[in-house]
Amino acid sequence: MKRIQTLTFMIAYLLAAVSLFAEVEVLNPVPGTWANRQVLVLAMPDGDDAFYSVNGADPLVSGFAYDGPVQIDVTGNVEIRIVAVTADGIKTEKSVSYTVTEPLQEKKDKTIDAFLDMMSSDAVYCYKPGTVISIPASMQYAVGAGEPIFLQGTDISYSQDSVLVRYIPLMLTDGNSIWRYVIYPAEPVGLCTQRDVPFRISNWTSVTFTDRKYIYSIDGKSWGPGTVPVSLDRSVSHEIRWQSIAYEPGNPVQSFLLPPKPELCKMKLENGEIRLSIAGDASYCIGSTGENIAPGLFQELTFDVFPGDSISGKLDLAFYSDNVYQGNLVADYDIDKRSPAAPVLLPSVKTLLSRMPVTVEIAAEKNAKLFYALSLPQNASEKSVAVLHTTARTGDYKELTGTRLVLDADSEEAEYLEVAVYAQDAAGNKSSISEYGVVIDHCNYYFDAAAGTAGADGSREHPFTSLTDIPELFTVRNRSHFIRLYIRGKQSVPHGTTVLQADCEIKGTENAELVFSAEDSFILRAVSLDIDNCLITRSSAATGPADQGIYLFVAENSVLDFNQCEVAATFGDNGIAISGSMSVISVSDSTVISQAGVYSAAFSLDNCRLKVLKSRISAIASTVVDFSMRNGYIELRSSDCKVAGRIGRAAELLGTNCILTDNTFSGELSGNSSVNPVWKDAAAVTIEDAGNKVNGF
């Protein structure tokens, strides 16, 4: 900025005029709890006196005279009373209460220590415009008046040409404590030499001649004593000439050129600065009668604030041509670098784990635009949310239409999703970023009989204790995902008949056991059930009415698979371990035992496909059969098949295609000892029958 440098004294009437009855304003401190001792800063009319006390006492009795910003060296609960007295003796009183709780020194780090020591070196921190204040990145800051909006610590500064002069609050936090300081700029000053001319200009157009020792001429017209004011058209230039009233040949004639009235131009720069300049004669310069502007005259005025701050107002600007006052113009200014408040993210779930899509409602300042970025999904099956958050990488930000986002995972695994959102106001200021992360797992549930119940959500880190904690798990209709259960220890299934409505996998670890009581059974209807590495037991009723349940698993138009399992089902009079129709059933490296009093079958299937590999199948009752099949298909390989009772067979196959290889059929029968272990009707088709052994038939 160019400034007039040849000026020698201040223009006295640039100082603000204030009402004799204006009240004192307390700029600092303000109510709150602060981590540093506060400085008292007052704003009041010139000529007023102020007195203050720090213990609530009457300042006029036992207070101190205020003569500028002063640090209040008091901690704990503080009450400051201020009494201002005008030159006419009119008194006004203000008070402010706050608390100072200084944190323990060892709780801060060295970077924060050094920065706070710098800010505390004087009661008010003197800032030289254009220089940088480096706020530690581990802190957040809020600058300016109004409700604080904290931003991440960084380097802050404003233009070295700014002529704003005011006390600026600066709040800092490390997440635990809040410090409050006051900044005041080292103000630029434009010095001015007032030119001595024998006239005065009022409101641009009126010229009053002030010295009767001269005669005057305007625009070359006749000379005169100038006893009355002259009104001039200031849209054009005028020349005022004067000389001594004692006319003599060769008298010196002095002159002054009045240029046309200028226009005031306002330009807003990309960085938010506002610059006021003059469109017109180069002899003009500007001063202000406002107390927020540096004193003196300038060829242009620049206004700027720290990032995060804002200010607006009107300026009554005084214009000078060749250091002669011409008139005033009013200009407004509005500098907005204040970030909007960070958006508030309101998810539809309150936990870190969700079993369904999560709707995130976003609340932001009115008329602010919202921008969001989503992270790539991360597998959350083996990492904590804290670790996943540190490794989340959000993509490019896009403007959000509306105020709602839906987060969902399209995977069979637990996935961590994170969204980052910021708001942007009409001035282009961006808020700090709000983040929300959640693990979405539609499929996987963990159960541990030895786990505690506190905080249980079915995740790997916080498993449920029992399957009965969520009895509706198997029966939710129209699921878009299957469910996978990881069980550990002994788990009782939900009581009664459970009709599975969702595809399901059950994976056991460390002696996993599914326990069915006499009243319990699973019915599969158009779903799949895959059980791996589990002991599955069913006990008959020990007392009371006879056990009426005759099925353990019933598959209807479904898929049922056992791998490395042991199924041991005990019934009352009659019992079938696995029953099915129009289904596909497979058993691999497993054991299936069905025991009852009168009749027992391990498998009773109609129009089903059955595959049994490397397994052990047993049925125990008076009348027994391992496999009872009609109109289906059986592939039985490398398995041990045993029946024990009075009469029975290993298999009864009606209209069934069969592959029987490398199996052992054993019988412990008291009623018929010379029967074929595998009976087939005429409609049964033997595809392969080789390598089988028979014992006890």
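The values are calculated or read from the model by the stated rules, or taken from the named source; none is laboratory data. The structure displayed is predicted, hence computed values, not measured ones. Cβ atoms come from the backbone with ideal geometry, glycine included; neighbour counts cover every protein chain shown. For accessibility, only protein heavy atoms count, side chains too; no ligands or nucleic acids. Shrake-Rupley method; radii C 1.70, N 1.55, O 1.52, S 1.80 Å.
Below is a table of values for the structure above.
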quantity: Stokes-Einstein diffusion coefficient of segment 145-286, Kirkwood radius over Cα pairs, 10 °C, 1.306 mPa s, in µm²/s; calculated: 78
quantity: Share, in percent, of DSSP beta bridges within segment 374-506 that are antiparallel, nearest 5; calculated: 55
quantity: Dipole magnitude of segment 100-149 about its Cα centre (Cβ charges: Lys, Arg +1; Asp, Glu -1), debye to nearest 20; calculated: 140
quantity: Alpha carbon centroid spacing (whole Å) that separates segment 57-90 from segment 566-643; calculated: 95
quantity: Spatially proximal aspartates and glutamates relative to Lys680 (Cα-Cα < 13 Å; intrachain offsets below 8 disregarded); calculated: Glu652, Asp689
quantity: Peptide ranges 252-259, 330-337 listed from the most packed, as the mean C-beta count within 10 angstrom indicates; calculated: 330-337, 252-259
quantity: Phi-based couplings in Hz for segment 612-624 (Karplus 6.51, -1.76, 1.60; Gly and Pro marked x); calculated: 10, 10, 6, 10, 10, 10, 9, 10, 9, 4, 5, 10, 9
quantity: Prolate/oblate/rounded label for segment 77-211 (Cα gyration tensor, a/c 1.5); calculated: oblate
quantity: Extension reserve of the Lys314-Met267 stretch, reckoned as 0.36 nm per residue once the Cα distance is removed; calculated: 15.4 nm
quantity: Given charges at beta-carbon only (K, R positive; D, E negative), |dipole| of segment 627-697 in Debye; calculated: 200
quantity: Euclidean distance between Cα centres, segment 135-172 to segment 345-370, Å; calculated: 30
quantity: FRET efficiency for Tyr247 and Lys221, using Cβ-Cβ distance with R0 set to 22 Å, rounded to 0.05; calculated: 0.85
quantity: Relative contact order (%) - segment 572-697, alpha-carbon pairs under 8 angstrom, separation at least six; calculated: 19
quantity: Residue pairs, from the table Lys314/Lys430; Lys398/Lys430; Lys350/Lys507, whose Cα atoms sit over 22 Å apart; calculated: Lys314/Lys430; Lys350/Lys507
quantity: Nearest-20 debye value, the chain charge dipole, Cβ charges on Lys, Arg, Asp, Glu; calculated: 700
quantity: Protection proxy ranking of 342-351, 552-561, 575-584 - average other beta-carbon atoms within 10 Å, highest first; calculated: 575-584, 552-561, 342-351
quantity: Ratio Rg/Rh, restricted to the chain and using Cα atoms, in which Rh is the Kirkwood radius; calculated: 1.34
quantity: Whether segment 555-644 is rounded, prolate or oblate, judged on the alpha carbon gyration tensor where a/c under 1.5 counts as rounded; calculated: oblate
quantity: Note, ³J(HN,Hα) from phi for segment 592-603, Karplus 6.51, -1.76, 1.60, rounded to Hz, x at Gly and Pro; calculated: 10, 10, 10, 10, 8, x, 9, 9, 8, 9, 6, 10
quantity: Degrees separating the helix 110-119 axis from the principal Cα axis of the chain, which is the longest one; calculated: 30
quantity: Taking the chain and dividing mean pair separation by its residue count, relative contact order in percent (alpha carbons under 8 Å, at least six apart); calculated: 6
quantity: Tail beyond 29 Å, pair distance distribution of segment 366-517 (Cα, percent); calculated: 34
quantity: Bridge type composition, the chain - antiparallel percent by DSSP, nearest 5; calculated: 45
quantity: Label-point separation, Asp122 to Val30 (7 Å along Cα→Cβ), nm; calculated: 2.3
quantity: Extension gain (nm, one decimal) between Ala690 and Ala386, 0.36 nm per residue minus Cα-Cα; calculated: 103.6 nm
quantity: Sorted peptide list for 362-369, 514-521, criterion being average Cβ within 10 angstrom, highest first; calculated: 514-521, 362-369
quantity: Greater than 23 Å apart at Cα, pairs in Lys268/Lys337; Lys213/Lys261; Lys490/Lys611; Lys94/Lys128; Lys128/Lys261; calculated: Lys213/Lys261; Lys490/Lys611; Lys94/Lys128; Lys128/Lys261
quantity: Portion, in percent, of the accessible area of segment 411-495 that falls on carbon or sulfur, probe 1.4 Å; calculated: 48
quantity: Average projected area [Cα convex hull, segment 319-395], square nanometres; calculated: 10.3
quantity: Segment 599-697 shape via C-alpha gyration tensor axes, a/c threshold 1.5; calculated: prolate
quantity: Cα centroid of segment 441-506 to Cα centroid of segment 270-341, whole Å; calculated: 69
quantity: Extension gain from Arg212 to Asp469, taking 0.36 nm per residue of separation minus the Cα-Cα distance; calculated: 82.0 nm
quantity: Gyration tensor over alpha-carbon atoms, segment 108-148, equivalent ellipsoid semi-axes in Å; calculated: 17, 15, 11
